[in-house]
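Report on the structure given below.
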Amino acid sequence: MTVRPLTRPAAATAPHEIHARLAGVTRTYGAVGGRGGVHALGPVDIALRRGEFYSVIGPSGCGKSTLLDVLSGLSRPSAGTIVFEGRPVDGAVPDGVGVVFQEDASFPWMTVRDNIGFGLRENGVDAAEIGRRVDAALALMGLRDFAAAYPPQLSGGMRQRVCIARTLVMQPRLILLDEPFGALDAQTRLIMGDELLRVWRETGATVMLITHALDEAAMLSDRIGVMSARPGRILAEIETGWPRERDSRIAADPGFGAVTSRLWGLLREESLRAIGAQAPAGADRA
Amino acid sequence: MPTRLLDTLLVLAVGLLAWQGVHWLAPDAVTSPAGTVARAAEMLASPRFWPHAGETAWAFALSLVFAIGGGLAIGLPLGLHRFSAEVGEPILVSLYSLPKITLYPVILLVFGLGLSAKVAFGTIHGLVPVAIFAMNGVLALPPVYARAARALRLSRWRTLAAVLAPAAVPEIVTGVRIGFSVTLLGVFIGEMFSSQRGLGFLLMNAIGLHDVPTMLAIILMVGAFAVTANAALLALEHRLHHRPA
């Protein structure tokens with residue numbers, strides 16, 4: 001299958017060129033005058049390499065989604081800096097960053113085609129170019145037969161594809177996904193994971209995936225950042241060493257078990273802490 | 001849907017029978033259905049009727065435009081900001097429960113006798129329900145819509161105009177439907193007092209002359225208009241809430 005690339009292929013770059021960086025990022029909610037509130041995140045330091053597939057995994061409530069919010073520019077960090085392509089990110093989503101959410105964000109009053117082209121129309125791209133990019137995205141996400149359908153007529157997996165396609169047509173160089181397959185059944189998740197890998201290869205974009213699923217992180221990623229219980233910090237970064245051409249069948253690789261067991265070794269304590277931390281004592285209240 | 005049509009016809013038939021029954025019990029207060037329809041036909045054929053109907057239609061149309069426009073202008077921004085909505089809602093609700101007829105003398109003093117007073121009175125009736133439904137419609141939207149709009153780099157204004165307002169359309173239509181009937185009520189009440197033109201004026205005139213057939217004919221015509229419009233809006237609302245059809 002040949003599809004017109006949705007993103008400029010990455011230029012020949014030095015290995016490990018830093019695409020986006022979080023430095024000393026923290027996020028506190030509800031603090032008034034620096035006191036009280038909930039310390040949700042950090043400090044976190046992550047350097048995303050251009051073109052890599054990076055996953056963030058952590059126990060529930062550790063601030064994974066908060067991390068994505070501040071990296072994308074959807075919210076401001078309480079402290080620390082975020083840099084994307086050499087420019088600081090501050091309170092707005094920069095051009096070149098695309099976000100896919102866990103919740104169904106497709107617009108039920110628009111057809112699939114109009115949903116996918118929505119961001120382009122709003123950003124003043126001309127109609128011919130919108131048509132070309134939407135057609136390419138429809139093909140890439142296997143939605144060609146559903147272009148005229150409305151999202152409520154589609155399954156959850158198809159609706160999430162619409163949301164991914166709507167993000168892809170903007171030609172993001174950094175794609176952030178917040179547990180995008182969390183609401184889907186296990187088989188659909190595997191299929192969607194494979195599709196995400198294909199999209200990642202074909203677009204050449206940098207991908208950061210937030211997930212709570214060990215196998216998903218192990219299967220898809222070049223690198224995995226393991227987060228602690230709240231306030232979330234990066235405990236370790238694990239390199240999987242998978243080849244760029246890969247899919248969910250990597251689960252049969254002997255190395256796969258090693259990666260997941262290492263992840264679980266790091267996460268087990270933290271998950272127990274996360275569950276225990278829900279007891280009344282607010283240990284992390286300042 | 002033949003059963004739906006049958007039900008409607010059945011309700012109509014029962015209504016007509018009840019009407020005829022009341023006519024037999026009190027022939028001086030209520031004209032028979034046949035007599036009323038005959039009088040209505042007579043009025044519709046009379047050239048003197050149409051300027052009054054036109055006056056009412058024009059006042060109603062203006063009121064509706066102001067009520068919907070103003071209601072959306074108040075309700076949509078309030079819905080964007082939870083705190084403002086929490087402050088605004090009790091104010092809107094208490095304004096709505098205020099017996100607005102008590103304000104009519106004030107409105108007459110401000111706007112004078114004539115079209116503008118009727119329009120103002122109709123508008124204050126319809127504005128609040130449109131505002132309340134628009135506000136709640138936006139508040140109830142999944143937060144991910146606004147987040148997705150921000151991620152696609154829409155401005156606050158475009159987020160409201162291109163995402164939140166269309167997403168809230170089913171709720172807004174419900175507000176418009178309710179606003180529609182109370183706006184009509186407001187315009188009509190406005191015409192019944194201190195007005196020299198319009199169907200409300202004709203109605204008051206007929207009451208003064210104890211012209212029962214004319215009274216009933218006006219009630220029938222206005223009622224038929226209101227019920228038809230309400231049914232059309234209800235059908236639209238139904239389609240929007242269960243879209244796509």
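The values are calculated or read from the model by the stated rules, or taken from the named source; none is laboratory data. Note that the coordinates shown come from a computational prediction; the quantities given were computed from them, not determined experimentally. Note that we place each Cβ from the backbone using ideal geometry, even for glycine, and neighbour counts take in every protein chain shown. SASA here: full protein model, heavy atoms, side chains in, ligands and nucleic acids out. Shrake-Rupley method; radii C 1.70, N 1.55, O 1.52, S 1.80 Å.
Relative to the longest principal axis of the Cα atoms of chain B, helix B:2-25 runs at roughly 40 degrees. Give me the Kirkwood hydrodynamic radius of chain B in Å, from all C-alpha pairs, to one decimal place? This gives a value of 20.3 Å.
Legend: residues in the range B:139-165 shielded by at least 50 square angstrom of accessible surface upon adding the remaining protein chains to the isolated chain (1.4 Å probe, heavy atoms) are B:144, B:145, B:147, B:150, B:151, B:152, B:153. Relative to the longest principal axis of the Cα atoms of chain B, helix B:115-139 runs at roughly 40 degrees.
Rg then Dmax, both in Å and based on the Cα atoms of the protein assembly as shown: 31.3, 99. Using alpha carbons only, how many angstrom separate the centre of the range A:71-130 from the centre of the range B:183-245? With the range A:71-130 and the range B:183-245 each reduced to a Cα centre, they are spaced 48 Å. Can you find, among A:241, A:217, A:158, the residue sitting farthest towards the positive end of the charge dipole of the range A:143-286, where Lys and Arg contribute +1 and Asp and Glu -1 at Cβ? Sorting the options by dipole projection puts first A:158. Reported value for the range B:23-139: 171 Å³ per residue, from the convex hull of its C-alpha atoms. Two decimals is fine: what is log10 I(q)/I(0) at q = 0.09, 0.13, 0.17, 0.19 Å⁻¹ for the range A:7-165, from a Debye sum with one equal scatterer on every Cα and no solvent? Taken in order of the listed q values, log10 I(q)/I(0) reads -0.40, -0.79, -1.12, -1.21. Here is the list for the range B:27-132: trypsin sites (Lys or Arg not before Pro) lying in DSSP coil, each with at most 15 other C-beta atoms within 10 angstrom of its C-beta, are B:48.
Helix B:82-97 axis versus longest C-alpha principal axis of chain B: approximately 10°, rounded to the nearest ten. All C-alpha pair distances within the range B:74-118, sorted into 10 Å bins from zero, spread as 25, 30, 30, 15, 0 percent across the bins. When the surface is traced with a 1.4 Å probe over the full set of protein chains, residue B:97 keeps roughly 90 Å² accessible.
Sequence-ordered 3J(HN,Hα) estimates for the range A:104-110 from the Karplus curve with 6.51, -1.76 and 1.60 and θ = phi - 60° stand at 6, 9, 5, 8, x, 8, 10 Hz, glycine and proline given as x. Near residue B:67, once Lys and Arg are set to +1 and Asp and Glu to -1 for all other residues with Cβ below 14 Å from its Cβ, the sum equals +3.
Every pair of different Cα atoms in the range B:179-227 enters the Kirkwood calculation, which places the hydrodynamic radius at 10.9 Å.
Among beta bridges identified by DSSP and lying wholly in the protein assembly as shown, the antiparallel ones come to about 50 percent.
Each Lys and Arg adds +1 at its Cβ and each Asp and Glu adds -1 at its Cβ; summed about the Cα centre, the range B:18-136 shows a dipole of about 120 debye. Here the 3J(HN,Hα) profile of the range B:64-75, calculated from phi with Karplus coefficients 6.51, -1.76 and 1.60 at θ = phi - 60°, is 5, 4, 5, 5, 6, x, x, x, 5, 5, 8, x Hz, Gly and Pro shown as x. Which residue, chosen from A:118, A:208, A:190, occupies the Cα position most advanced towards the positive end of the dipole of the range A:116-268, where the dipole is computed from +1 (Lys, Arg) and -1 (Asp, Glu) charges on Cβ about the Cα centre? Final value for the positive-end residue is A:208.
Per residue, the convex hull around the alpha carbon atoms of chain A comes to 146 Å³.
Of the three principal axes defined by the Cα atoms of the range B:108-245, the extents in descending order read 67, 39, 16 Å. Charged side chains reduced to their Cβ positions (Lys and Arg at +1, Asp and Glu at -1) give the range B:154-238 a dipole of some 340 debye around its Cα centre. Think of the protein assembly as shown as having a plus end and a minus end, set by charges on the Cβ of Lys, Arg, Asp and Glu; of A:16, A:260, B:137, A:16 sits farthest toward the positive end of this dipole. For the range A:139-286, the equivalent ellipsoid derived from the Cα gyration tensor has semi-axes of 30, 20, 14 Å, listed largest first. Dimensions of the range A:53-101 along the principal axes, based on C-alpha atoms and rounded to the nearest Å, stand at 31, 25, 17, largest first.
Simple point charges give the picture: +1 on the Cβ of Lys and Arg, -1 on the Cβ of Asp and Glu, and for the protein assembly as shown a dipole about the Cα centre of about 700 debye. Please report, as a whole percent, how much of the solvent-accessible surface of chain A comes from carbon and sulfur atoms (probe radius 1.4 Å). So the carbon and sulfur contribution to the accessible surface is 53 percent.
Summed over both chains, the area buried between B and A is near 2000 Å², taken from the accessible surface of protein heavy atoms with a 1.4 Å probe.
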